[in-house]
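Written below as structure tokens is the structure these notes are about.
The values are calculated or read from the model by the stated rules, or taken from the named source; none is laboratory data. None of the values given here were measured: they were computed from a predicted structure. Virtual Cβ from ideal backbone geometry, glycine too; neighbours counted across all protein chains shown.
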Amino acid sequence: MISLAAIAIHAQTTDSIAEPVPPTYPDLVPISSLEDLNADIINLHFSKADAAARKLITAAKRKRQSTEDLDQVISICRNGERGLRGVDRVVIVDSTVIDKKDFLKAYPISADLGTLTLSSKGDIVQYQTQLNGMVLRPEGSDSTNLQIVRHYVENGKLTEAEIIEGLGIDGDINYPFLMPDGQTFYFAARTDDGYGNYDLYATRYDSDSKRFYQADNMGFPYNSYANDYMLVIDESARLGWFASDRYQPVGKVCIYTFIPNDSRQTIDYETTDLNELRAAASLHSFTAIPMTDEQQQAKAEAIRHIKQLSATVSTTRHKDFEFVLNDTKTCYTLDDFKTSEAKQLCRDWMQKTKNLTALNEQLQQMRDTSPANRQPILNLEARIMDLQVETHTLEKKIRSVELIK
């Protein structure tokens, strides 16, 4: 696999001023003596890079030298040229550069969409849905062989890990997000068939076979030859976000906010100027492709949504719950806990607390509508008492784990 580590950091271009020169990518080591070829790849000049690579392959074969890296360049160029013919016309509303270790803080998503949790190393994201307590997380023997597994929260514990099947991806899979419909699934993967490093993929669940369909690379402009990952869509707000370290220095990442299309709106390859197409495909310029009046209006509305959403989340995210540890410390978010064990226990506690609230509401409804039907009421009261005991026990365990450590 040729990843970003195999593409040059000092990309230069001799194109007209219509195409801006992109900043360098982070953490890149160039292929030895191939800086011009690498620059063409980074700037999406795939036909030019392909022709140059084929000449180098011919020369290498005459000298009986390995062509493995160049063969992968050919594959990247083939994928890239195909991708330029299917660039999605995406309206980018905003972009925010943030430290990679804090990148999830730039996602102003509501609690209704679930919970995203970054690992202590900052390289793995666990996602817990809000509706059914499903937990999706990467798991593997090492960081280059991660697969997405699924759990459910039952009685305060995670069920046994179950590998998500049917994705058709041979590589490192990470950064999962499942839409509230339970069908549409987004994730990032590093594969030999991608554009380099993490690419974003999308698939849907087949309820008949109980498997996901083979995932599709989302193409340009979502993906680049940098790391592109963690796509989240909030349908109620008509907003989406994804992260990318394209054009960013080491340790930084850009969070792009965009308006998700109901269906892919491909930019016409035949009638669009190639420099404009490349700029739109790589997000060199947010205004490379002119917007219609309808898109302009949608962007203005999206900007208003962002302000409202940020204001709402800022008042709720930092106080998702109230958990008193002792006389001096109260936790309001999962990030307030120091230990990963306490965070996981707190997720269970939150779920039980939510279930307890729902059962009490159900009990009150039964008392109001069917007061004479005593046995169902007694059964529900017993369930509530058991859940109260479980919740209280869990609270003590959280305090013990967090305060001792």
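Please work out which residue is nearest to Met179 (Cα to Cα), limiting yourself to segment 191-210 and to residues that are assigned to a loop (DSSP other than H, G, I, E, B) and small (Gly, Ala, Ser). Ranking the candidates gives Ser207 first. Of all residues in segment 125-139, those satisfying the criterion of being modelled with pLDDT of 85 or more and among the aliphatic types (A, V, I, L, M) are Val125, Val135, Leu136. The set of residues in segment 207-256 that are of a type in the set (S, T, N, Q) and either within 16 Å of the chain's Cα centre (by Cα) or closer than 19 Å to Thr96 by Cβ (or both) comprises Asn217, Asn223, Ser224, Asn227, Ser244, Gln248. Of the conditions (1) in contact with a Phe, Trp or Tyr (Cβ under 7 Å, 6 or more places away or on another chain); (2) surrounded by fewer than 18 Cβ atoms within 10 Å (Cβ to Cβ); (3) under 30 Å from Asp71 (Cβ atoms); (4) polar (S, T, N, Q), Thr159 fails just one. Which one is it? Single failed check for Thr159: (3). Hey, any hits in segment 247-255 for a residue that's surrounded by 18 or more Cβ atoms within 10 Å (Cβ to Cβ) and in contact with a Leu (Cβ under 7 Å, 6 or more places away or on another chain)? No, segment 247-255 contains no residue that is surrounded by 18 or more Cβ atoms within 10 Å (Cβ to Cβ) and in contact with a Leu (Cβ under 7 Å, 6 or more places away or on another chain). Ile169 fails exactly one of the following numbered conditions: (1) farther than 17 Å from Asp228 by Cβ; (2) out of contact with any helix residue (DSSP H, G or I) (no Cβ under 7 Å at 6 or more places or on another chain); (3) of a type in the set (Val, Ile, Thr). What is the number of that condition? Single failed check for Ile169: (1).
In segment 151-166, the residue that is nearest to Arg347 (Cα to Cα) out of those that are in a loop (DSSP other than H, G, I, E, B) and not aliphatic (A, V, I, L, M) is Gly156. Each residue in segment 320-362 was checked for being in contact (Cβ under 8 Å) with a residue 40 or more places away in the chain, among the charged types (D, E, K, R) and either closer than 24 Å to Pro108 by Cβ or buried (at least 18 other Cβ atoms within 10 Å of the Cβ) (or both), and 5 pass.
Thr328 meets the conditions (1) under 14 Å from Glu395 (Cα atoms); (2) among the β-branched types (Val, Ile, Thr); (3) modelled with pLDDT under 85 in every case but one. The failed one is (1). You will find that of Ile148, Ile173, Ile169, the residue that is in contact with a Phe, Trp or Tyr (Cβ under 9 Å, 6 or more places away or on another chain) and in a loop (DSSP other than H, G, I, E, B) is Ile169 and no other. Reported count of residues in segment 230-246, each being among the small types (Gly, Ala, Ser), surrounded by 17 or more Cβ atoms within 10 Å (Cβ to Cβ) and not in a strand (DSSP E or B), is 1.
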